[in-house]
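First the structure, in the form of structure tokens, and then the observations on it.
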Amino acid sequence: MTIAANLHRTRFFFLHHGETDWDRDGRLAGRINAPLNGRGLAQARRSGELLRNAGIRTICTSPQDRALITAEIVAAHIHAPIVTIDGLKDCCFGRQDGTANGDWFTAWRLGDTPEGGESMERFRRRSIAAMNSALERPGPVLVVAHPAIYTAFLQAAGMAEPATWPVEQPAEARPIFHQPLRQTHATGRGRWHAATLAA
């Protein structure tokens, strides 16, 4: 059975962590514990305001500071418990952590893993297992994590082509609502509706 077939189908929200200086400068933090910058803190506060009346019952987050602090700021607005899930951590790029996206990143996507890093296939499977763990919690669930975790979900859900991910770049930290749609007989795969919340 494929990881797409194993994808837990329930409505949820996803939030990219707020901006860090590493994001601003176009560097891939990976497992480096990069803190939020001023813009990132403001993004988290704005997301908390947007989610105040969304009925979220659980917040599941990566334990890395940039995600955890984002989750804590949101939790202050919505008063939901926070659960940290190790599998929601960003990809480990080994000796390339902290560097800019370059030829090494293209090579990684093609199967050439940097020394001390995590292969793309292992990361993909770990991401979906962590997303499923989060979505089994009392919902609706808010998942706060990293762009690459989200692109792994998109690919498993049939919403992104494998050749286009993971996209490691700064992402606007706005909540994205996801609703599973009815499974089609032609493909055997259920579709998803996704919508970004706006102020």
Practice prompt. Please work out which one of (1) in a helix (DSSP H, G or I); (2) at pLDDT 90 or above; (3) under 17 Å from the mean Cα position of the chain (by Cα) is the condition residue 118 fails and give its number.
Written response: (1)
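Yes/no matrix, rows are residues, columns are (1) at pLDDT below 90; (2) within 28 Å of residue 193 (Cβ to Cβ); (3) in contact with a strand residue (DSSP E or B) (Cβ under 7 Å, 6 or more places away or on another chain):
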site: 11; (1), (2), (3): yes, yes, yes
site: 31; (1), (2), (3): yes, no, no
site: 49; (1), (2), (3): no, yes, no
site: 52; (1), (2), (3): no, yes, no
site: 94; (1), (2), (3): yes, no, no
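Can you tell me which residue among 69, 82, 56 is surrounded by 21 or more Cβ atoms within 10 Å (Cβ to Cβ) and either at pLDDT 90 or above or among the polar types (S, T, N, Q) (or both)? Spell out how you get there, then give the answer.
Numbers: 69 fails: surrounded by 21 or more Cβ atoms within 10 Å (Cβ to Cβ); 82 fails: surrounded by 21 or more Cβ atoms within 10 Å (Cβ to Cβ).
Of the residues listed, the single one that is surrounded by 21 or more Cβ atoms within 10 Å (Cβ to Cβ) and either at pLDDT 90 or above or among the polar types (S, T, N, Q) (or both) is 56.
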Discussion item. Exactly one of these conditions fails for residue 134: (1) touching a residue at least 60 places away in the same chain (Cβ under 8 Å); (2) in contact with a Cys (Cβ under 8 Å, 6 or more places away or on another chain); (3) not in a helix (DSSP H, G or I). Give me its number.
Written reply: (3)
Practice prompt. Mind counting the residues in the stretch 37-78 that are in contact with a Pro (Cβ under 8 Å, 6 or more places away or on another chain) and within 18 Å of residue 147 (Cα to Cα)?
Written response: 5
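Does the stretch 26-48 hold any residues that are of a type in the set (Gly, Ala, Ser), surrounded by fewer than 18 Cβ atoms within 10 Å (Cβ to Cβ) and under 15 Å from residue 98 (Cα atoms), and which are they?
To start, the set of residues in the stretch 26-48 that are of a type in the set (Gly, Ala, Ser) comprises 26, 29-30, 34, 38, 40, 42, 44, 47-48.
With surrounded by fewer than 18 Cβ atoms within 10 Å (Cβ to Cβ) added as a condition, the list becomes 26, 38, 42.
Result: 26, single match.
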Fill in: Yes/no for residue 21 being charged (D, E, K, R), under 15 Å from the mean Cα position of the chain (by Cα) and surrounded by 14 or more Cβ atoms within 10 Å (Cβ to Cβ)
no
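When you go through 160, 195 one by one, which is the residue that is at pLDDT below 85, surrounded by fewer than 21 Cβ atoms within 10 Å (Cβ to Cβ), within 18 Å of residue 9 (Cα to Cα) and touching a Leu at 6+ places or on another chain (Cβ under 6 Å)? Reasoning before the result, please.
Working: 195 fails: touching a Leu at 6+ places or on another chain (Cβ under 6 Å).
Unique residue meeting the criteria: 160.
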Worksheet entry | In the stretch 113-129, the residues that are farther than 27 Å from residue 8 by Cα and surrounded by fewer than 13 Cβ atoms within 10 Å (Cβ to Cβ) | 115, 116
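The values are calculated or read from the model by the stated rules, or taken from the named source; none is laboratory data. What you see is a predicted model; the values in this text were computed from it and never measured. No Cβ is skipped: glycine too gets one built from the backbone with ideal geometry, and neighbour counts run over all protein chains shown.
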